[in-house]
Amino acid sequence: MLKLEKVTKTYKTGDLALNAVSLEVPAGQVVGLIGPSGAGKSTLIRCINRLVEPTSGEISLAGESLTGLKGSDLRRVRRRIGMIFQEYALVERLTVMENVLSGRLGYVSYWRSLLRRYPAADVQQAFALLERVGLAGRHDKRADELSGGQRQRVGIARALEQNPELLLVDEPTASLDPKTSRQIMRLIQGMCRERGLPAIINIHDVMLARNFADRLIGLRAGEVVFDGPPDALTDEVLTTIYGAEDWTQLNPEEGAEEAADEPAVRPQAPREQMVAAT
Ligand code: ADP
(Lines give C-alpha, C1' and ligand atoms only; values in the text may rest on other atoms or scores of the structure.)
Protein backbone atom coordinates (compact mmCIF):
# COMPACT_ATOMS: atom_id res chain seq x y z
CA MET A 1 0.00 0.00 0.00
CA LEU A 2 1.09 3.52 -0.82
CA LYS A 3 0.51 6.06 1.92
CA LEU A 4 0.85 9.84 1.78
CA GLU A 5 0.56 11.82 4.99
CA LYS A 6 0.21 15.58 4.82
CA VAL A 7 2.51 15.91 1.84
CA THR A 8 3.25 19.56 1.10
CA LYS A 9 5.40 20.97 -1.68
CA THR A 10 6.36 24.60 -1.95
CA TYR A 11 8.69 25.31 -4.88
CA LYS A 12 11.57 27.76 -4.48
CA THR A 13 9.49 30.25 -6.47
CA GLY A 14 7.01 30.24 -3.58
CA ASP A 15 4.35 28.24 -5.51
CA LEU A 16 2.42 26.01 -3.14
CA ALA A 17 1.88 22.99 -5.43
CA LEU A 18 0.62 20.51 -2.80
CA ASN A 19 -1.02 21.46 0.46
CA ALA A 20 -1.08 18.71 3.12
CA VAL A 21 -2.23 15.92 0.78
CA SER A 22 -3.07 12.68 2.59
CA LEU A 23 -4.24 9.54 0.83
CA GLU A 24 -3.80 5.79 0.71
CA VAL A 25 -3.80 3.52 -2.34
CA PRO A 26 -4.39 -0.16 -1.54
CA ALA A 27 -3.12 -3.09 -3.60
CA GLY A 28 -4.76 -3.49 -6.98
CA GLN A 29 -6.45 -0.11 -7.10
CA VAL A 30 -6.24 2.01 -10.26
CA VAL A 31 -6.51 5.67 -9.30
CA GLY A 32 -7.19 8.42 -11.83
CA LEU A 33 -5.71 11.73 -10.76
CA ILE A 34 -7.70 14.57 -12.28
CA GLY A 35 -7.79 18.33 -11.95
CA PRO A 36 -7.11 21.50 -13.90
CA SER A 37 -3.70 22.46 -15.17
CA GLY A 38 -1.52 23.65 -12.30
CA ALA A 39 -3.53 21.69 -9.69
CA GLY A 40 -0.46 19.75 -8.57
CA LYS A 41 -0.96 16.40 -10.33
CA SER A 42 2.56 16.14 -11.76
CA THR A 43 4.06 17.37 -8.52
CA LEU A 44 2.22 14.62 -6.63
CA ILE A 45 3.51 11.90 -8.97
CA ARG A 46 7.02 13.35 -8.84
CA CYS A 47 7.01 13.50 -5.06
CA ILE A 48 6.19 9.78 -4.96
CA ASN A 49 9.10 8.77 -7.21
CA ARG A 50 11.19 11.49 -5.57
CA LEU A 51 11.98 13.45 -8.72
CA VAL A 52 10.68 16.27 -6.55
CA GLU A 53 11.50 16.53 -2.87
CA PRO A 54 8.41 17.18 -0.73
CA THR A 55 8.80 20.17 1.58
CA SER A 56 7.12 18.26 4.40
CA GLY A 57 5.04 15.16 5.02
CA GLU A 58 5.61 11.43 4.75
CA ILE A 59 5.32 9.00 1.83
CA SER A 60 5.65 5.26 2.34
CA LEU A 61 5.35 2.17 0.16
CA ALA A 62 4.49 -1.11 1.91
CA GLY A 63 5.51 0.47 5.20
CA GLU A 64 8.90 1.73 4.00
CA SER A 65 9.41 5.47 4.05
CA LEU A 66 10.32 6.97 0.64
CA THR A 67 10.97 10.44 1.97
CA GLY A 68 14.50 11.29 2.99
CA LEU A 69 16.13 8.39 1.08
CA LYS A 70 19.34 9.12 -0.80
CA GLY A 71 21.87 7.40 -3.08
CA SER A 72 21.63 3.62 -3.33
CA ASP A 73 18.63 3.48 -0.96
CA LEU A 74 16.72 5.81 -3.25
CA ARG A 75 17.69 3.78 -6.34
CA ARG A 76 16.60 0.57 -4.65
CA VAL A 77 13.19 1.99 -3.77
CA ARG A 78 12.73 3.53 -7.24
CA ARG A 79 13.05 0.05 -8.73
CA ARG A 80 9.84 -0.82 -6.92
CA ILE A 81 7.98 1.93 -8.78
CA GLY A 82 7.22 1.56 -12.50
CA MET A 83 6.80 4.69 -14.61
CA ILE A 84 4.87 5.17 -17.84
CA PHE A 85 5.41 8.51 -19.56
CA GLN A 86 3.42 10.73 -21.89
CA GLU A 87 6.14 10.79 -24.55
CA TYR A 88 7.02 7.11 -23.99
CA ALA A 89 10.70 7.90 -23.24
CA LEU A 90 11.97 5.03 -25.40
CA VAL A 91 15.49 4.80 -26.76
CA GLU A 92 14.60 5.33 -30.42
CA ARG A 93 17.58 3.53 -31.95
CA LEU A 94 17.19 0.42 -29.82
CA THR A 95 14.87 -2.47 -30.58
CA VAL A 96 11.55 -3.07 -28.87
CA MET A 97 13.13 -5.94 -26.90
CA GLU A 98 16.09 -3.82 -25.78
CA ASN A 99 13.74 -1.10 -24.62
CA VAL A 100 11.63 -3.56 -22.63
CA LEU A 101 14.71 -5.16 -21.07
CA SER A 102 15.96 -1.75 -20.01
CA GLY A 103 13.22 -2.05 -17.37
CA ARG A 104 15.61 -4.51 -15.68
CA LEU A 105 18.56 -2.12 -15.70
CA GLY A 106 18.17 -1.34 -12.05
CA TYR A 107 18.59 -5.04 -11.31
CA VAL A 108 21.23 -6.51 -13.60
CA SER A 109 24.88 -5.69 -13.02
CA TYR A 110 26.57 -2.88 -14.86
CA TRP A 111 28.71 -5.26 -16.93
CA ARG A 112 25.80 -7.44 -17.89
CA SER A 113 23.78 -4.44 -19.05
CA LEU A 114 26.76 -3.06 -20.96
CA LEU A 115 27.10 -6.34 -22.81
CA ARG A 116 23.31 -6.51 -23.05
CA ARG A 117 23.43 -9.94 -21.47
CA TYR A 118 20.23 -10.26 -19.58
CA PRO A 119 19.30 -13.41 -17.66
CA ALA A 120 17.14 -15.84 -19.65
CA ALA A 121 14.24 -15.38 -17.22
CA ASP A 122 14.21 -11.63 -17.91
CA VAL A 123 14.15 -12.23 -21.65
CA GLN A 124 11.36 -14.79 -21.28
CA GLN A 125 9.34 -12.36 -19.20
CA ALA A 126 9.90 -9.63 -21.79
CA PHE A 127 8.55 -11.90 -24.56
CA ALA A 128 5.48 -12.71 -22.45
CA LEU A 129 4.89 -9.01 -21.76
CA LEU A 130 5.24 -8.12 -25.44
CA GLU A 131 2.62 -10.70 -26.25
CA ARG A 132 0.32 -9.35 -23.54
CA VAL A 133 0.58 -5.77 -24.81
CA GLY A 134 -0.17 -6.90 -28.37
CA LEU A 135 3.35 -6.69 -29.82
CA ALA A 136 4.13 -10.39 -30.30
CA GLY A 137 6.67 -10.82 -33.10
CA ARG A 138 7.73 -7.16 -33.03
CA HIS A 139 10.65 -7.57 -30.62
CA ASP A 140 13.29 -6.86 -33.29
CA LYS A 141 11.68 -3.69 -34.64
CA ARG A 142 13.39 -0.44 -33.84
CA ALA A 143 11.44 1.86 -31.52
CA ASP A 144 11.45 4.64 -34.12
CA GLU A 145 9.58 2.38 -36.57
CA LEU A 146 6.53 2.15 -34.32
CA SER A 147 3.31 4.15 -34.14
CA GLY A 148 2.48 6.19 -31.04
CA GLY A 149 0.15 3.52 -29.68
CA GLN A 150 2.76 0.80 -30.24
CA ARG A 151 5.40 2.92 -28.49
CA GLN A 152 3.19 3.31 -25.48
CA ARG A 153 2.66 -0.46 -25.45
CA VAL A 154 6.45 -0.83 -25.28
CA GLY A 155 6.46 1.75 -22.45
CA ILE A 156 3.91 -0.35 -20.55
CA ALA A 157 5.87 -3.58 -21.11
CA ARG A 158 9.09 -1.87 -19.96
CA ALA A 159 7.46 -0.60 -16.77
CA LEU A 160 6.08 -4.06 -15.97
CA GLU A 161 9.35 -5.84 -16.84
CA GLN A 162 10.60 -4.13 -13.71
CA ASN A 163 8.03 -6.11 -11.64
CA PRO A 164 7.00 -2.96 -9.81
CA GLU A 165 4.90 -2.76 -6.65
CA LEU A 166 3.38 0.52 -7.79
CA LEU A 167 2.79 2.03 -11.21
CA LEU A 168 2.93 5.79 -11.77
CA VAL A 169 1.52 6.91 -15.09
CA ASP A 170 1.89 10.46 -16.37
CA GLU A 171 -0.62 11.49 -19.07
CA PRO A 172 -0.27 8.20 -20.97
CA THR A 173 -2.61 9.19 -23.78
CA ALA A 174 -1.76 12.86 -24.29
CA SER A 175 -0.16 12.19 -27.70
CA LEU A 176 -2.63 9.55 -28.90
CA ASP A 177 -5.87 9.60 -30.89
CA PRO A 178 -9.15 8.83 -29.06
CA LYS A 179 -9.42 5.18 -30.06
CA THR A 180 -5.80 4.36 -29.26
CA SER A 181 -6.15 6.26 -25.98
CA ARG A 182 -8.98 4.00 -24.92
CA GLN A 183 -7.06 0.88 -25.91
CA ILE A 184 -4.03 2.01 -23.93
CA MET A 185 -6.09 2.85 -20.85
CA ARG A 186 -7.89 -0.49 -21.10
CA LEU A 187 -4.56 -2.27 -21.35
CA ILE A 188 -3.10 -0.48 -18.29
CA GLN A 189 -6.25 -1.15 -16.27
CA GLY A 190 -6.35 -4.82 -17.32
CA MET A 191 -2.69 -5.48 -16.56
CA CYS A 192 -3.00 -3.81 -13.15
CA ARG A 193 -6.02 -5.97 -12.35
CA GLU A 194 -4.25 -9.17 -13.43
CA ARG A 195 -1.29 -8.39 -11.19
CA GLY A 196 -3.07 -6.73 -8.26
CA LEU A 197 -0.82 -3.78 -9.06
CA PRO A 198 -1.86 -0.36 -7.73
CA ALA A 199 -1.52 2.58 -10.12
CA ILE A 200 -1.86 6.34 -10.06
CA ILE A 201 -2.66 7.75 -13.47
CA ASN A 202 -2.34 11.47 -14.06
CA ILE A 203 -4.95 12.03 -16.75
CA HIS A 204 -6.58 15.19 -17.96
CA ASP A 205 -9.31 13.45 -19.98
CA VAL A 206 -12.19 13.08 -17.54
CA MET A 207 -14.10 10.61 -19.76
CA LEU A 208 -11.12 8.27 -19.92
CA ALA A 209 -10.51 8.62 -16.19
CA ARG A 210 -14.11 7.85 -15.44
CA ASN A 211 -14.16 4.79 -17.71
CA PHE A 212 -10.88 3.18 -16.75
CA ALA A 213 -10.12 4.03 -13.11
CA ASP A 214 -11.50 2.34 -9.98
CA ARG A 215 -11.24 5.54 -8.01
CA LEU A 216 -10.84 9.19 -8.89
CA ILE A 217 -8.95 11.80 -6.91
CA GLY A 218 -9.63 15.40 -7.86
CA LEU A 219 -6.97 17.98 -7.09
CA ARG A 220 -7.51 21.71 -7.14
CA ALA A 221 -4.88 24.24 -6.11
CA GLY A 222 -2.81 21.54 -4.42
CA GLU A 223 -5.66 20.10 -2.35
CA VAL A 224 -7.78 16.96 -2.67
CA VAL A 225 -11.30 18.24 -3.36
CA PHE A 226 -12.77 14.90 -4.47
CA ASP A 227 -11.97 11.29 -3.65
CA GLY A 228 -14.46 8.65 -4.68
CA PRO A 229 -15.70 6.15 -7.26
CA PRO A 230 -16.17 7.27 -10.88
CA ASP A 231 -19.97 7.12 -10.44
CA ALA A 232 -19.80 9.85 -7.81
CA LEU A 233 -18.29 12.33 -10.25
CA THR A 234 -21.40 14.46 -10.65
CA ASP A 235 -21.67 17.81 -12.41
CA GLU A 236 -21.42 19.49 -8.99
CA VAL A 237 -18.18 17.65 -8.24
CA LEU A 238 -16.77 18.57 -11.68
CA THR A 239 -17.57 22.20 -10.91
CA THR A 240 -15.78 21.90 -7.56
CA ILE A 241 -12.70 20.51 -9.28
CA TYR A 242 -12.59 22.56 -12.48
CA GLY A 243 -14.88 25.52 -11.86
CA ALA A 244 -18.27 26.33 -13.39
CA GLU A 245 -18.97 24.86 -16.85
CA ASP A 246 -21.81 23.11 -18.69
CA TRP A 247 -20.92 19.46 -18.01
CA THR A 248 -23.88 17.81 -19.77
CA GLN A 249 -21.76 16.70 -22.72
CA LEU A 250 -19.54 14.67 -20.44
CA ASN A 251 -22.34 12.40 -19.26
CA PRO A 252 -21.36 8.84 -20.14
CA GLU A 253 -23.81 6.55 -21.87
CA GLU A 254 -25.12 4.33 -19.09
CA GLY A 255 -24.05 0.71 -19.20
CA ALA A 256 -22.20 1.02 -22.49
CA GLU A 257 -19.77 -1.90 -22.21
CA GLU A 258 -16.62 -1.58 -24.24
CA ALA A 259 -16.24 -3.87 -27.23
CA ALA A 260 -12.75 -4.73 -28.44
CA ASP A 261 -13.45 -3.37 -31.90
CA GLU A 262 -15.32 -0.26 -30.92
CA PRO A 263 -15.86 2.54 -33.44
CA ALA A 264 -12.88 4.86 -33.80
CA VAL A 265 -14.76 7.87 -32.48
CA ARG A 266 -17.37 7.41 -29.84
CA PRO A 267 -19.80 10.33 -29.48
CA GLN A 268 -19.65 11.74 -25.97
CA ALA A 269 -23.17 13.11 -26.06
CA PRO A 270 -26.46 12.23 -27.73
CA ARG A 271 -26.59 13.33 -31.36
CA GLU A 272 -29.25 16.01 -30.72
CA GLN A 273 -27.03 17.64 -28.12
CA MET A 274 -24.04 17.59 -30.43
CA VAL A 275 -26.03 19.17 -33.24
CA ALA A 276 -27.50 21.72 -30.87
CA ALA A 277 -24.03 22.62 -29.64
CA THR A 278 -22.70 23.42 -33.10
P1 ADP B 1 -0.45 19.88 -12.91
O2 ADP B 1 0.35 18.67 -13.16
O3 ADP B 1 -1.76 19.57 -12.24
O4 ADP B 1 -0.65 20.73 -14.13
P5 ADP B 1 1.89 20.89 -11.52
O6 ADP B 1 2.21 19.90 -10.45
O7 ADP B 1 2.69 20.87 -12.76
O8 ADP B 1 0.31 20.80 -11.85
O9 ADP B 1 1.99 22.36 -10.92
C10 ADP B 1 1.43 22.76 -9.66
C11 ADP B 1 1.90 24.16 -9.32
O12 ADP B 1 3.30 24.16 -9.06
C13 ADP B 1 1.66 25.20 -10.41
O14 ADP B 1 1.35 26.43 -9.79
C15 ADP B 1 3.00 25.27 -11.10
O16 ADP B 1 3.20 26.54 -11.66
C17 ADP B 1 3.97 25.03 -9.95
N18 ADP B 1 5.20 24.35 -10.40
C19 ADP B 1 5.29 23.14 -10.99
N20 ADP B 1 6.57 22.81 -11.22
C21 ADP B 1 7.31 23.84 -10.77
C22 ADP B 1 8.72 24.13 -10.71
N23 ADP B 1 9.62 23.25 -11.17
N24 ADP B 1 9.12 25.30 -10.17
C25 ADP B 1 8.21 26.17 -9.70
N26 ADP B 1 6.89 25.98 -9.69
C27 ADP B 1 6.44 24.84 -10.23
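Summary table
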| read-out | value |
| --- | --- |
| Built amide H within the under 5 Å cut-off of Met83, gap 5+ | Leu168 |
| For the chain, built as a Gaussian network whose Cα springs stay under 10 Å, the top-fluctuating residue of Thr239, Thr13, Thr95 | Thr13 |
| Computed over the chain, the ratio Rg/Rh where both radii use C-alpha atoms and Rh is Kirkwood | 0.98 |
| Accessible surface of the chain, 1.4 Å probe, proportion on carbon and sulfur as whole % | 51 percent |
| The stretch 206-255: C-alpha gyration tensor shape, a/c 1.5 cut-off, then a/b vs b/c | oblate |
| Amide H contacts of Gly35 (H built 1.01 Å from N, under 5 Å, at least 5 apart or other chain) | Leu219 |
| When each of Lys6/Lys70; Lys141/Lys179; Lys9/Lys179 is checked by Cα-Cα distance, pairs over 29 Å | Lys9/Lys179 |
| The chain, relative contact order in percent, only Cα pairs under 8 angstrom and at least six apart counted | 25 percent |
| Selection of chymotrypsin sites (Phe, Trp or Tyr not before Pro), the stretch 1-102, meeting DSSP coil and at most 15 other Cβ within 10 Å | Tyr11 |
| Per residue, in Å², the accessible surface of the chain once ligands and nucleic acids are set aside, probe 1.4 Å | 49 Å² |
| Helix-derived mean residue ellipticity, 222 nm - over the chain, DSSP H n ≥ 4, -39500 (n - 2.57), to 500 | -9500 deg cm²/dmol |
| Sequence of Val237, Val96 when ordered by accessible area, the most exposed leading, probe 1.4 angstrom | Val237, Val96 |
| Shape of the stretch 1-90, Cα gyration tensor, a/c cut at 1.5 | rounded |
| Set of aspartates and glutamates near Lys3 by C-alpha distance (under 18 Å), chain-local residues within fewer than 8 positions excluded | Glu24, Glu53, Glu58, Glu64, Glu165, Asp214, Glu223, Asp227 |
| Exposed-loop-free span, longest in the chain, where trypsin sites (Lys or Arg not before Pro) count as exposed if DSSP calls them loop and at most 13 other C-beta atoms lie within 10 Å | 118-278 |
| Residue-count net charge about Leu146 - beta-carbon cut-off 11 Å; Lys, Arg +1, Asp, Glu -1 | +2 |
| Accessible surface ranking that places the most exposed of Ser181, Ser175 first, with a 1.4 angstrom probe | Ser175, Ser181 |
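The values are calculated or read from the model by the stated rules, or taken from the named source; none is laboratory data. Small disclaimer: the values here were computed from a predicted structure and weren't measured. Ideal geometry is used to build each Cβ from the backbone, glycine not excepted, and the neighbour counts take in all protein chains shown. Heads up: the accessible areas ignore ligands, DNA and RNA and are worked out on the full protein's heavy atoms, side chains in. Shrake-Rupley method; radii C 1.70, N 1.55, O 1.52, S 1.80 Å.
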